[in-house]
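Have a look at the structure below before the remarks.
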Amino acid sequence: MPKPLIYKGRASISNTVGRFEKLNRQAEDDGWGCLDAALPPLPTEVIIDSSKSVITYNDSPDIPFDRSINPYRGCEHACIYCFARPTHAYLGYSAGLDFESKILVKPDAARLLREELAKRNYRCAPLALGTNTDPYQPLERQQRIMRQILEVLSETRHPVSIVTKSALIERDIDLLAPMAGQGLVSVYLSITTLDRTLARTLEPRAAAPQRRLEAVARLREAGIPIGVMVAPLIPVLTDYELESIVSAAHKAGAQSVQYILLRLPLETADLFAEWLQQNYPLKAEHVMNRVRDSRGGKAYDAAFHQRQTGGGSYADLLAQRFKLITRKLELTGSLPALRSDLFRPPNLGGQLSFDFFD
């Protein structure tokens, strides 16, 4: 059987149909060598998301926020481990290449946000951005949806936390720095590995590891509360880097460091295993065995309070190592709590508004 070919800038090898679809498709070699032919570039398809609301609420007991915004569905960063991949199945797409190349954008996000914040029954609490797909993925350079959302949040003095693995966040320092001065924003940069070669195949369109560390330094210099998320920590492949990443984050100016153990829900598990066989065949079985060791014998355990850090002796060892290095570097705290008391609803026009806050 011919070795599968990889699209440049993509991590997924396959594009298996979504789990809700009735029909399946499979590539077959008919003897003409099609499966061995060089693959053309796989372009990104931009699809308009016509959602009528933009804020998503949750009541999960193990995450520190109850509301979030995702300007994009799907992510060009193409991280093979992304736990958000299975969400593309709800749209009729594959969690594989479709997730990386068919990106739904929300061009009306800022307008919808303004309308939701203006509702009389809205109660302000920190919004989270980057909890599912990255708000600063490459498309943001042209779409500028995240920028527009931040403009609304800045205008209304609404608190926001951001997680990204993109240095593009530096573009918005002019908005983030004043908000930080009011206690309205905190940022975590996600770093998976310091190995450039590994990063190139693992998360092919994300910023290089050193570039993310530079972004940490620039955000800190601008007075923006900044932390680093070692995420995901991958057994065998990156777990040995834990101390190195934390130390590099500290040197760059991070005020807090957290970590998340690799999570492989639904289709992500098969996609990741396929990627391992393609790129690290001699380590593949070892990696997946360690994953199962930390997930009760399964590829993933979705139980609250376990899904972020795992369980068992292997997960306990990681937790101890993390505790030791963060204590040594005095990084055991969290970023400052965000303020919600400065919020002022937006004026949608048609009514007089009086600003009593200045």
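The values are calculated or read from the model by the stated rules, or taken from the named source; none is laboratory data. Keep in mind it's a predicted model, so treat the numbers as computed, not measured. Virtual Cβ from ideal backbone geometry, glycine too; neighbours counted across all protein chains shown. For accessibility, only protein heavy atoms count, side chains too; no ligands or nucleic acids. Shrake-Rupley method; radii C 1.70, N 1.55, O 1.52, S 1.80 Å.
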If a residue has to be open to solvent by 10 Å² or more (accessible area, probe 1.4 Å), under 10 Å from residue 71 (Cβ atoms) and not in a loop (DSSP other than H, G, I, E, B) to count, how many in region 135-146 make the cut? 1
If a residue has to be open to solvent by less than 70 Å² (accessible area, probe 1.4 Å) and at pLDDT 70 or above to count, how many in region 1-45 make the cut? 13
Can you name the residue in region 147-168 that is closer than 15 Å to residue 215 by Cα and out of contact with any strand residue (DSSP E or B) (no Cβ under 7 Å at 6 or more places or on another chain) and is also surrounded by the fewest Cβ atoms within 10 Å (Cβ to Cβ) among such residues? 168
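Does residue 216 qualify as being in a helix (DSSP H, G or I), at pLDDT 95 or above and touching a Leu at 6+ places or on another chain (Cβ under 8 Å)? Step through it out loud before you land on a result.
On the way: in a helix (DSSP H, G or I): yes; at pLDDT 95 or above: yes; touching a Leu at 6+ places or on another chain (Cβ under 8 Å): yes.
Yes.
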Among the residues of region 111-134, which ones are within 20 Å of the chain's Cα centre (by Cα) and either under 21 Å from residue 344 (Cα atoms) or crowded, with 22+ Cβ neighbours inside 10 Å (or both)? 126, 127, 128, 129, 130, 133, 134
When you go through 226, 234, 245 one by one, which is the residue that is within 29 Å of residue 333 (Cα to Cα), open to solvent by less than 40 Å² (accessible area, probe 1.4 Å) and without any contact (Cβ under 8 Å) to a residue 60 or more places away in the chain? 245
Cβ-Cβ distance below 6 Å, separation of 6 or more or different chains: which pairs start in region 92-112 with a residue that is among the hydroxyl-bearing types (Ser, Thr, Tyr) and end on one that is modelled with pLDDT of 95 or more and not in a strand (DSSP E or B)? 101/44
Determine if region 204-221 includes at least one residue that is in contact with a Phe, Trp or Tyr (Cβ under 8 Å, 6 or more places away or on another chain) and closer than 30 Å to residue 12 by Cβ. no
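Look at residue 298 and say whether it is modelled with pLDDT of 95 or more and open to solvent by 30 Å² or more (accessible area, probe 1.4 Å).
Values: modelled with pLDDT of 95 or more: no; open to solvent by 30 Å² or more (accessible area, probe 1.4 Å): yes.
No; evaluated as a whole, the condition is false for this residue.
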Subset of region 269-295, residues among the aliphatic types (A, V, I, L, M) and either open to solvent by 80 Å² or more (accessible area, probe 1.4 Å) or part of a loop (DSSP other than H, G, I, E, B) (or both), comes to 282
